[in-house]
1. Between residue 279 and residue 119, how many nm apart are label points set 7 Å from Cα along the C-beta direction?
2. How large is the translational diffusion coefficient of segment 168-214 in µm² per second when you combine the Kirkwood radius over alpha carbon pairs with Stokes-Einstein at 37 °C and 0.692 mPa s?
3. Where Rh is the Kirkwood radius over the Cα pairs of segment 187-231, the temperature 20 °C and the viscosity 1.002 mPa s, what D in µm²/s does Stokes-Einstein return?
4. Could you give the angle, 0 to 90 degrees to the nearest 10, between helix 149-166's Cα long axis and the longest principal axis of the Cα atoms of the chain?
5. Return an integer: the convex hull volume of the alpha-carbon atoms of segment 214-327, in Å³ per residue.
6. Show me the ranking of peptides 158-171, 125-138, 54-67 by mean Cβ neighbours inside 10 Å, starting with the highest.
7. Give the long-range amide H neighbours of residue 9: residues separated by 5 or more places, or on another chain, with amide H under 5 Å away, using H modelled in the peptide plane at 1.01 Å from N.
8. At 7 Å along the Cα-to-beta-carbon direction for both residue 104 and residue 319, put a label point, then send me their distance in nm to one decimal.
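The values are calculated or read from the model by the stated rules, or taken from the named source; none is laboratory data. These numbers were taken from a predicted model, which means no experiment stands behind them. Here Cβ is always computed from backbone atoms with ideal geometry, including for glycine, and neighbour counts include all displayed protein chains. Just the protein is used for accessible areas: all its heavy atoms, side chains included, with ligands, DNA and RNA removed. Shrake-Rupley method; radii C 1.70, N 1.55, O 1.52, S 1.80 Å.
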Amino acid sequence: LPRTVSGIQATSDSLHLGNYIGALQQFVTHQESHDAFYFIANMHAITVEQDPHELRERTLRTAAQFIAAGLDPEKSTIFVQSQVPAHPRLSWVLECTTSMGEATRMTQFKDKSAKQGHVSLGLLTYPALMAADILLYNPQMVPVGEDQRQHLELTRNLAERFNHRFGQTFVVPEAQILKTTAKIYDLQNPEAKMSKSLPSPAGRIDLLDEPKALTKKIKSAVTDDGTEIRYDPEEKPGVSNLLTVYSSLTGRPIDDIVADYEGKMYGHLKVDLAEVVVETLAPIRERTLELLEDRAQLQAILDRAAEKANGIAEVTLREVYDKVGFI
Ligand code: AQP
């Protein structure tokens, strides 16, 4: 089977609908056709300050949400980044392969460092760790949202650079970024990406929101001038975002949905979408809470997966160490 790798940071109690549609839904699809490795990025999480108790809790909660959203631990290797020490070890080699210019050009670094009082060195070297996360497993394909495109491009460059200098070592992976669903927007501000770190949760749909809160957030989503329901991200970013969400949760083409709502009002679309969102997320919420009741079992799944991930990652790391001349 071809291989795939991707991860999500453990930076919040709940993942949001952008993570679900942009990443998790794809993870679930690809576990059927790929040797799939999905990890909880707790090492990336500490590039900004985290409370240790919270980080531990969020790591398990993220793992529970992976499984509740449809990842099957028998099919996918679901592991925690810090349990596979080859990640930071390869990262060091890749940091030494990356130029300062490349690192400081990353838009995520520019955005996040502008928002932080204390800018850690880790925030700058984040993409080298991400490249290590990926390249250790030699995947053909990496499913991510649009915001990770630039980091993926750097990963490919680093793989090619290393191969060129030391001989064929890494597979150069393709990013899998779906056209319409790669960027889900904030419901209150459809120009901004739905994000964990936004201060107000009103525009963010959390997977663990209660049904009542979900309905309220969808119904109060900002729509656009006019009344016509059509897909036009430039002129109608609010409505288009709702249509994208509707389409990706139901699997129905956007055009079909638009045809259904011809002559209807935004309110109709919102009522129906709220139902679709509740139907999708309520079972995920319940399953997550169930899984969190047996933490020993959850930890056992993660430990077993880490063992498998370590087996593969260590082989790649040994080859890299050997090639760069470490004795
Ligand atoms: N709004 C989004 N639409 C589509 N995909 C998204 N992703 C994130 N937001 C959206 C994708 O989810 C995966 C995991 O993201 P992450 O946890 O590694 O980090 P992130 O991109 O930093 O997530 P957030 O919510 O945006 O966190 P903050 O606010 O801290 O920056 C990735 O594949 C990402 O593309």
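1. The modelled label-to-label distance comes out at 4.7 nm.
2. 249
3. Value of D from the Cα-based Kirkwood radius: 184 µm²/s.
4. Here the helix axis deviates by roughly 20 degrees.
5. It is 188 Å³ per residue.
6. Taking the mean over residues of other Cβ atoms within 10 Å, the ranking is 125-138, 54-67, 158-171.
7. Amide H neighbours of residue 9: 41.
8. 3.5
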